[in-house]
1. What number, in percent, do you get for the relative contact order of the stretch 115-203 if the mean sequence gap of Cα pairs under 8 Å and at least 6 apart is divided by its residue count?
2. For the pair Arg140/Arg349, report the inter-label distance in nm, with labels modelled 7 Å from Cα in the Cβ direction.
3. If you average the sequence gap of Cα pairs under 8 Å that are 6 or more apart and divide by the length of the stretch 1-128, what percent do you get for the contact order?
4. Would you work out the relative contact order for the chain, in percent, from Cα pairs under 8 angstrom that are 6 or more residues apart?
5. Please list, in order, the residues from the stretch 63-97 whose amide nitrogen is less than 14 Å from a point placed 7 Å along the Cα→Cβ vector of Ala5.
6. What is the sum of charges, Lys and Arg at +1 and Asp and Glu at -1, for the other residues whose Cβ falls under 9 Å from the Cβ of Asn197?
7. Could you sort 188-194, 308-314 so that the peptide with the highest average Cβ count within 10 Å comes first and the rest follow in order?
8. Over the stretch 199-353, what number does the Rg to Rh ratio reach, with both radii from the alpha-carbon atoms and Rh per Kirkwood?
Amino acid sequence: MPEIAGPAAAALSSLCPDDVIFLRSLPKAELHAHLNGSIPIKTILELAQEHSHYSALTPEVAETIERLRSGVILNEIFDFFPLFPAIYALTSTPEAVAISTRAVLQSFLNPASDGAENPQCAYLELRTTPRATKYMMRERYLTVVLDEIEMYPATQAALIVSVDRRMSDLDVEECVRLAIEMKNNGRRVVGIDVCGNPRKGDMQPFTRHLSRAKGAGLGLTVHIAESTENTTEDSLALLSCRPDRLGHATFLSDELKALFFADIPQPGTECSLLSECPCIEICLSSNLLCKTVASLDAHHIRYYLKNDHPIVICTDDTLPFRTSCLGEYAMLLAQPPLGLGLSRDDVARVARMGMDAAFLRPHHD
Ligand code: 6MZ
């Protein structure tokens, strides 16, 4: 179990031991975790040590590692993405990718060394952006990650292939093609994700690749309206691909929700464009620490809970956000202002909704 800090730790430490036992025992699905954002700090430090044996760490890399170790403070979400070049400098070889993936899987799926019987989650859909470096091609990167994931049973772990908003058309095409080919070859790829800096990229050209992925039987999840700078056109392009799940959706307008979500009342008209209920991937600590929401009280999770719309509770990036599945669930159960003050029954219902939103379900096979 990772060491946690910040809002998740505050919520967890406010709970009585019985509540913690209850939360630990709930089967949870972690459906929104970025591989390179979820590497345990211990593994990062080991990789840095190893790296420094054959070439010195640049000052930028050394400084970012120190920030990750001592606790990253962000002024806004756009300060978050510059952390990754340093992490990528440490995970550029197939060996380092294997070590990192193994450590991430263990941290989510193996019972913790602190004596707790339950792993952080019962089921993990780990996502990662296939990266070409001077040591490997994208295909090798994915193979290394899948080799580690497939050490676990299919009921426990699967892979979502991410495409980054900054990618060229050719790069997106390659990632989606690899994902489809690997799925068709029996590898455990279950979906495609669109992620990356919300300020970057034009989503319109992505749509034909995303629709192709859906047509090939892959689940689709997209980071959408994560910042105030995301335009309606940006969200419309992503929603036009009929995603099964939405990451964050923090600033999705009420008009778009009404048009695209069958369960949200649509004023003035009887038709709903898509008549679907894409599950919203909610990452409470991530949103608070990136300052895209001012407080738990103001968090959009309340809107979805009120409308009984499917949600799943996720960690996003446990490394910079210093959280865990348990910590995020603690924020549901803890009393305000540390948590939302939900009842145990409601928290159990939310956990079940998460399990139901997994891509690896019989009708997706
Ligand atoms: C958007 C995010 C993210 O793919 O190299 N990533 N994209 N919003 C977020 N919320 C704060 N958190 C992480 O993992 C790291 C990559 O995931 C994306 C970023 O593109 C980051 O480079 P992988 O395993």
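1. Relative contact order here is 30 percent.
2. Computed distance between label sites Arg140 and Arg349 equals 5.1 nm.
3. For the stretch 1-128, the relative contact order is 44 percent.
4. Working: 663 pairs, mean separation 85.9, N = 365.
It rounds to 24 percent for the chain.
5. Inside the label zone: 64-74.
6. +3
7. Taking the mean over residues of other Cβ atoms within 10 Å, the ranking is 188-194, 308-314.
8. 0.97
The values are calculated or read from the model by the stated rules, or taken from the named source; none is laboratory data. These numbers come from a predicted model, not from an experiment. Positions of Cβ are backbone-derived with ideal geometry, glycine not excepted, and every protein chain shown enters the neighbour counts. Calculation scope for accessible area: heavy atoms of the full protein, side chains included, ligands and nucleic acids excluded. Shrake-Rupley method; radii C 1.70, N 1.55, O 1.52, S 1.80 Å.
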